[in-house]
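The values are calculated or read from the model by the stated rules, or taken from the named source; none is laboratory data. This one's a predicted model, so the numbers in the text were calculated from it and none came from an experiment. With ideal geometry, Cβ positions are generated from the backbone for all residues, glycine too; neighbour counts draw on all protein chains shown. To get the accessible areas, we keep the full protein, side chains included, count just its heavy atoms, and leave off ligands, DNA and RNA. Shrake-Rupley method; radii C 1.70, N 1.55, O 1.52, S 1.80 Å.
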Amino acid sequence: MPDRCEPSLLRIFGPTFSILSRLFHPNQALKRMKLLESPLVLAYEGIYPSLKGPLRQGALGSSILGRVTLGAQAVLEPFAVLRGDGHVVSVGAEFYLGLHSTVHIAHARYGATIGEHVTVGANSVVHACTVGDDCVIQDDVSVLDGAMIGSGSVVAAGSVVFPRNVLPPGHWCEGLPATATRPVDPVELQALHVRMRTTPRADSVVAALSTYSSSVPLSDSRGYIAATVTGTGELRMEEGSSLWFGCVVEARNLGVTIGIGSNVQDNSVLRCSEHAITIGEECTIGHNVLLHDCVIGARVLVGMGGALAPGTVVRDDVVVAAGSRTSPRQVLDSGWLWAGRPAIRMSRLDERMRRLIQESAAVYREYALEFALNQAATLRHMAEKDSALR
């Protein structure tokens, strides 16, 4: 999992810009972060999440958003995200969602259904799929649209479960794509649950928040920034752009630019070590992606769980498949689907894939408008409550 930087909260656009500017003053980052209810709960189109019992833990920066039904005794580690907007998320009891991990849906196509006593590790994505009871999904895993994981199975760290693939119950599954390699003993399975749920993972995040003392990242008011985004440096948001829950911006003194109509989805990391990051127009950067010192053209889709190495240049009109990784200074030519570790050219983009890029950008503009209004109202209420307690 990528290292995280010292966070402070970024400011949001439009009606909540002045509220967050006051709430998240740099000298009070930890205090103001704690002011956000944990987990942060927001409605989507008037529908609030439904909790079927008490949480065991809703840690700092975690979020439950929109059309989510969550069973009792769930554990949400810092910056874990459950988001049900364009479809529903249904999760059973005793769920564990690790540090900077994401559960989401495919707009108007697939919801996400997760059984009871499921453990998801750190920096993983469970997306628009079905996961049976008692499964373990380890760190840095992507489970993609329409996939089905049988009860009592394990998906090994770093694996990608391809769209609509079916993994049998009671098996160890791994690879790109993930396949069943051997049966899993019930004793081994329960030991994995215990180990993943009890291994400390949040120390670096909490320490960074408590020691943070530098300046608040700068942003303009033209894009939507979710309330649990953290980072340092200058962030330039163009018209209609969005930056989603749990993202980390490490812009430092180099800067990150997100172009017109582009979206960077939940729990992605934008890291500037030696060069600025530039994202062109109408791009989609999927959940839990790492962008490091790279330049991205217009109309690009980077699939969830992907990683672009330092110096990567992505030309216009490119799709990078989920879970793929580039090599340092690699150039991805225009008009191609790239996939693999390292990424290689797989096929020319057809009209269906070009439409997918356009539709993804359009859907996220609509999501951003809705969440911006709900977030504004929630943060205004928190600010008023904080003032009343002083």
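Which order do the peptides 115-127, 48-60 take when ranked by the mean count of other beta-carbon atoms within 10 Å per residue, highest first?
Details: 115-127: 25.5, 48-60: 16.1.
Top to bottom by mean Cβ count within 10 Å: 115-127, 48-60.
Do any trypsin sites (Lys or Arg not before Pro) in segment 327-377 lie in a DSSP loop with no more than 13 other beta carbon atoms within 10 Å, and if so, which? Display every interim value, and only then the final one.
Working: sites: ARG329, ARG345, ARG348, ARG352, ARG354, ARG355, ARG365; in loops: ARG329.
Filter output for segment 327-377: ARG329.
I want the local charge near GLY261. Using Cβ-Cβ distances under 9 Å, sum +1 for each Lys or Arg and -1 for each Asp or Glu among the other residues. Within the 9 Å Cβ shell, the charges total -3. Between the beta carbons of THR199 and VAL88, assuming R0 = 22 Å, the FRET efficiency works out to 0.10 to the nearest 0.05.
The mean accessible area for residues of segment 39-176, using a 1.4 Å probe and ignoring ligands and nucleic acids, is 29 Å² per residue. What the Cα atoms of segment 292-342 give is an Rg and a Dmax of 9.3, 23 Å.
Percent of C-alpha pairs per 5 Å bin in segment 98-186, short distances first: 4, 17, 29, 30, 15, 4, 1, 0. Extending 7 Å from Cα along the Cβ direction at LEU356 and again at ASP185 yields two label points whose distance is 4.1 nm. Of the accessible area of segment 221-290, computed with a 1.4 Å probe over protein heavy atoms only, carbon and sulfur atoms account for 44 percent.
Fully extending the segment from GLN57 to ARG341 would add 98.7 nm, taking 0.36 nm per residue of separation and subtracting the current Cα-Cα distance.
Can you give the log10 of the normalised intensity I(q)/I(0) at q = 0.11, 0.12, 0.19 Å⁻¹, computed with Debye over equal Cα scatterers of segment 247-390? Here log10 of I(q) over I(0) equals -0.43, -0.50, -1.05.
Put simply, the convex hull of the Cα atoms in segment 319-390 casts, on average, a shadow of 8.0 nm². Highest mean packing comes first when the peptides 223-232, 141-150, 102-111 are listed by Cβ atoms within 10 Å, giving 223-232, 141-150, 102-111. The distance from the alpha carbon centre of segment 73-97 to that of segment 172-195 is 22 Å, rounded to a whole number. Put +1 on the Cβ of each Lys and Arg and -1 on the Cβ of each Asp and Glu in segment 70-173; which of LEU76, ALA112, PHE95 then has its Cα farthest toward the positive end of the dipole? Of the options given, the answer is ALA112.
Given Cα positions, please report Rg to Rh for segment 134-201, the hydrodynamic radius being the Kirkwood one.
Numbers: Rg = 11.4 Å, Rh = 11.8 Å.
Computed over Cα atoms, the ratio is 0.96.
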